[in-house]
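*Asks:* This is the structure I want to talk about, given as structure tokens.
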Amino acid sequence: MASNQYQERSTVIRIIFITIGVIFIVRLAFLQIFDSKYRDLADQQALRNVTQYPARGLIYDRNGDLLVYNEAVYDLMVIPRMVKNLDTAFFCKTMGISLDDFNSRMDKARHYSPYSASIFMKQISKEEYGSWQNQLYKFHGFYVQQRTLRVYDKPIAAHVLGYVGEVDDRDIAADSYYHQGDYIGKSGLEQSYETVLRGIKGKKIMHVDVHNREIGPYRNGANDTTAVEGGNLYTTIDAKLQEYAEDLMANKRGCIVAIEPSTGEILAMASAPSYDPNLLVGRVRGENYLTLLQDISKPLFNRALQAQYPPGSIFKVAQAMTALNLGVISPSQGFPCDKSLVGCHNHPSARSVQEAIKMSCNPYFYYTYRRIIQQGKFKSIYKDSPYGLNVWNDYMHRFGFGIRLPIDLPNVKEGRIPDTAYYNKKYGSGKWAFSTIYSNSIGQGEVEVVPIQMANLACIVANRGYYYTPHIVRYYGPDSTRNEEFYTKHETGINPSYFEIAAKGMYDVVHVGGGTARRANIPDIDICGKTGTAQNSGDDHSVFIAFAPKDNPKIAVAVYVENARGGGGYWAAPIASLVIEKYIRGEVTRTDFEKMYHDATPCQKLPLPKKTKTKK
């Protein structure tokens, strides 16, 4: 009986011990196999995962000149839990930071993770790193990670090239490729071609000792991956022309856009005022960005793509082509210069479309626009005008107005071509007609266009009726990939012979007596242009579009100078002619003329050119 009791107790004890053993084994298996938390902590004590950042792709101009390249920099990383026995005063002195700065950075790192590495100090130059590299082993928990920084050989094309900045929470949420401390294109080409330029990150796993020193690759690098550098961009920009255009606009507000009509390739895009792109690189980027952002002259604002201006009289070219194609006027149509209808400068009445373009007659285009809007399809002008406006709206879209031109840069505005919905909302349905909206006829009223659209209009006339989408990048990457959409011809559907009339009228603007842009005349270069003076609450804006030569054009230009007294022929036209001469000849021979427009600001009155006597 007693022996059975002892046997039962022995069995119970064995079961208890076995149960406890099983619990320990299961728990140990769970910790080692299923729960990675403690395994990761152990690995972090012995292993270091180092991200291998790829070099961003390089950016070249159309002639192969380097615009953007990379320079090696270093990030000082910290694993807070491993920071032990640190001589804080010596560390701060070595790194050139204050104790408060040190504490702030460490608090941020601990908040991110006590066990994982995060950036303590970013974008350290190779010179700075070299000065304390040999002291790094004394600072347990700290190590450096190499990456690259953008460098701009010349301080040009800031709005085109864009800049790179640290990712924010939205960037990380939008793309799992990015993690805290990574960099991403924030504007310009850097943003548009981010996935091409960024490359592919690699990873290196290193064994480290108790002093946080690397002692060799984990498993001989079997788990490492190699970073793949980003693809290069080969742009359409002519660096010399870009620099020249920016130099001309240095003390002005406005922009210059130059395009090759036969391809849509943008040769130069200068927005003024601008800034040195090197200001938005490195540890000073944040401070400099804030300064630029608060500047009342808005140097970060890309006027070429984002400013929506009244086009003024350059818009008359599109009006004339539309009216001719609709058959509401003929090439030989004449209208009186009746200033009681709309103000105009003194000149004879235009007897044809060509003369009307040359003299930029406001009443002529008042009549022309009225025939487009009120075509007599309906007896009531309140029904006829909406019909005509819809037709006109469609034609303006064919010219690329009122739509976003899908160029390969971000934040492009579409301008405004008002439609019936716009006027119904503003005045009420059935309560407006041509007499309400006639200011559109001369590029005023509710019409707004973007300078890239103005340059595109010059391309359309240069090509006699079609355009290619303006773009900045010819091809990219080692396989010379190109965007096929940029090689699609966009037809206006207007008879090319009408554009020949426009080209002749624009030639007369520059080269024939009575033309409004005689200051743009260059001997031996057949420039075709159209002036515009855009009304403004302050001084009017000066506008000019042009292309050259007249036949087989090589360049089309739009110039917009804000608050420039004297109109399109006084400021924008001469500046455009200098850009054209620089591109076609490679140099400017009118050096005195060049200096005058380079040095002057729009508030100054420029001397009139000397009149030359013509032989009879």
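*Asks:* Give region 476-504 a look and list any residue that's at pLDDT 95 or above, under 27 Å from the mean Cα position of the chain (by Cα) and part of a helix (DSSP H, G or I), or say none.
*Replies:* Passing the criteria: only 486.
*Asks:* Still on this structure: Do any residues in region 531-542 that are part of a loop (DSSP other than H, G, I, E, B) have Cβ atoms under 7 Å from those of residues that are surrounded by fewer than 20 Cβ atoms within 10 Å (Cβ to Cβ) and of a type in the set (D, E, K, R), where the two are at least six apart or on different chains, and which pairs are they?
*Replies:* 539/565
*Asks:* Do any residues in region 114-136 that are in the same structural domain as residue 183 (by TED's automatic domain parsing) have Cβ atoms under 7 Å from those of residues that are of a type in the set (S, T, N, Q) and in a helix (DSSP H, G or I), where the two are at least six apart or on different chains, and which pairs are they?
*Replies:* 115/44; 132/94; 135/94
*Asks:* Anything in region 262-295 that is surrounded by fewer than 18 Cβ atoms within 10 Å (Cβ to Cβ) and within 20 Å of residue 236 (Cα to Cα)? List them, or say none.
*Replies:* Residues satisfying the conditions are 262, 263.
*Asks:* Can you find, within region 159-180, the residue that is surrounded by the fewest Cβ atoms within 10 Å (Cβ to Cβ) among those that are in contact with a helix residue (DSSP H, G or I) (Cβ under 6 Å, 6 or more places away or on another chain) and either on the phi > 0 side of the Ramachandran plot or part of a helix (DSSP H, G or I) (or both)?
*Replies:* Among those residues, the one meeting the criterion is 161.
*Asks:* Kindly provide the set of residues from region 72-129 that are of a type in the set (D, E, K, R), in contact with a helix residue (DSSP H, G or I) (Cβ under 9 Å, 6 or more places away or on another chain) and in a loop (DSSP other than H, G, I, E, B), ordered by number.
*Replies:* Hit for region 72-129 is 87, nothing else.
*Asks:* For the list (1) over 21 Å from residue 530 (Cβ atoms); (2) touching a strand residue (DSSP E or B) at 6+ places or on another chain (Cβ under 6 Å), I need the number of the one condition that residue 422 fails.
*Replies:* That leaves (2) as the condition not met.
*Asks:* Here are the criteria: (1) at pLDDT 95 or above; (2) touching a helix residue (DSSP H, G or I) at 6+ places or on another chain (Cβ under 9 Å); (3) of a type outside the set (S, T, N, Q); (4) more than 28 Å from residue 581 (Cβ to Cβ). Tell me which single one residue 507 does not satisfy.
*Replies:* Result: residue 507 passes all but (4).
*Asks:* Assess whether residue 425 counts as being free of Cβ contacts under 8 Å to residues at least 24 places away in the same chain and assigned to a helix (DSSP H, G or I).
*Replies:* Yes; evaluated as a whole, the condition is true for this residue.
*Asks:* In region 307-328, what residues are within 30 Å of residue 297 (Cα to Cα) and among the small types (Gly, Ala, Ser)?
*Replies:* Residues satisfying the conditions are 307, 312, 313.
*Asks:* Would you check if residue 35 is acidic (Asp, Glu) and modelled with pLDDT under 75?
*Replies:* Yes; evaluated as a whole, the condition is true for this residue.
*Asks:* Listed residues 579, 512; which is buried (at least 24 other Cβ atoms within 10 Å of the Cβ) and either of a type in the set (Val, Ile, Thr) or outside the structural domain of residue 456 (by TED's automatic domain parsing) (or both)?
*Replies:* None of the others qualify; the one that does is 579.
The values are calculated or read from the model by the stated rules, or taken from the named source; none is laboratory data. Remember, predicted model here, so these are calculated numbers, not experimental data. Note that each Cβ is placed from the backbone with ideal geometry, even for glycine, and that neighbours are counted across all protein chains shown.
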